[in-house]
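Inspection log for the structure reproduced underneath, given as structure tokens.
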Amino acid sequence: MTPPFTPTFAHVPPGPVTGPLQLLPVNAAVVAVHTATGAHVGSLKLVGGVWKFKAMGYSAAGGMEPGHGPLTEQHNMQFATPDAADVSARLLGSLLNPP
């Protein structure tokens with residue numbers, strides 16, 4: 001499957017995340033989450049029947065930093081299904097309306 005965007009795996013500078021978020025299936029239990037511009041910001045993982053968001057950041061040198069990145073505060077947010085509109089609204093909406 002060719003995504004409608006170019007996935008990138010690099011440091012995302014602090015600041016607003018470009019939405020809507022895009023989902024790219026990896027396998028039956030993992031879906032990569034990318035910004036509208038293609039930057040990888042995390043994954044949804046199926047854990048015990050629940051989809052959990054796992055934030056991902058990258059250092060300036062390009063190294064992976066699990067649990068980091070621009071959506072760190074949303075790490076472990078749960079979803080019933082990997083629906084792109086719901087995931088985008090909830091992850092990005094929580095940036096605008098923190099608990």
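Confirm whether Thr6 is modelled with pLDDT under 90, among the hydroxyl-bearing types (Ser, Thr, Tyr) and surrounded by 13 or more Cβ atoms within 10 Å (Cβ to Cβ). Don't jump to the end; show me each part of the working.
Working: modelled with pLDDT under 90: yes; among the hydroxyl-bearing types (Ser, Thr, Tyr): yes; surrounded by 13 or more Cβ atoms within 10 Å (Cβ to Cβ): no.
Judged against the criteria, Thr6 is not a match.
Residue by residue through the range 36-46, note down the ones that are out of contact with any Pro (no Cβ under 7 Å at 6 or more places or on another chain) and modelled with pLDDT under 95.
Start the filter on the range 36-46 by keeping residues that are out of contact with any Pro (no Cβ under 7 Å at 6 or more places or on another chain), which leaves 37, 39, 42-43, 45-46.
Within the range 36-46, Thr37, Ala39 qualify.
Looking at the range 68-91 only, could you name the residues that are under 20 Å from Pro7 (Cβ atoms) and over 10 Å from the mean Cα position of the chain (by Cα)?
Listed by number, the residues that qualify are His68, Pro82, Asp83, Ala84, Ala85.
Confirm whether Val17 is under 15 Å from Asp83 (Cβ atoms), in contact with a Pro (Cβ under 7 Å, 6 or more places away or on another chain) and touching a residue at least 40 places away in the same chain (Cβ under 8 Å).
no
Can you find a residue that is touching a Leu at 6+ places or on another chain (Cβ under 6 Å), modelled with pLDDT of 95 or more, assigned to a strand (DSSP E or B) and buried (at least 16 other Cβ atoms within 10 Å of the Cβ) anywhere in the range 12-31?
Scanning the range 12-31, I find at least one residue that is touching a Leu at 6+ places or on another chain (Cβ under 6 Å), modelled with pLDDT of 95 or more, assigned to a strand (DSSP E or B) and buried (at least 16 other Cβ atoms within 10 Å of the Cβ), so the answer is yes.
Any chance you could count how many residues in the range 32-50 are part of a strand (DSSP E or B) and within 18 Å of Asn76 (Cβ to Cβ)? If you could, list the steps in order and put the result at the bottom.
As a first pass, look at the range 32-50 and keep what is part of a strand (DSSP E or B): 32-34, 39-47, 50.
Subset that is within 18 Å of Asn76 (Cβ to Cβ): 32-33, 40-47, 50.
Count: 11.
Please verify whether Ala60 is over 14 Å from Pro16 (Cα atoms) and modelled with pLDDT under 95, treating the condition exactly as stated. Steps first, please.
Values: over 14 Å from Pro16 (Cα atoms): yes; modelled with pLDDT under 95: yes.
For Ala60, the condition - over 14 Å from Pro16 (Cα atoms) and modelled with pLDDT under 95 - is met.
Are there any pairs, at least 6 apart or on different chains, whose C-beta atoms fall under 8 Å, with the first in the range 65-76 and in contact (Cβ under 8 Å) with a residue 40 or more places away in the chain and within 10 Å of Val17 (Cβ to Cβ) and the second open to solvent by 70 Å² or more (accessible area, probe 1.4 Å) and of a type outside the set (Val, Ile, Thr), and if so, which?
Pairs that qualify, where the first residue is in contact (Cβ under 8 Å) with a residue 40 or more places away in the chain and within 10 Å of Val17 (Cβ to Cβ) and the partner is open to solvent by 70 Å² or more (accessible area, probe 1.4 Å) and of a type outside the set (Val, Ile, Thr), are Pro70/Pro14; Leu71/Leu95.
The values are calculated or read from the model by the stated rules, or taken from the named source; none is laboratory data. These figures come from a predicted structure and were not determined experimentally. Glycine also receives a Cβ, built like all others from the backbone with ideal geometry; neighbour counts cover every protein chain displayed. Please note that ligands, DNA and RNA were not included when accessible areas were found on the heavy atoms of the full protein model with its side chains. Shrake-Rupley method; radii C 1.70, N 1.55, O 1.52, S 1.80 Å.
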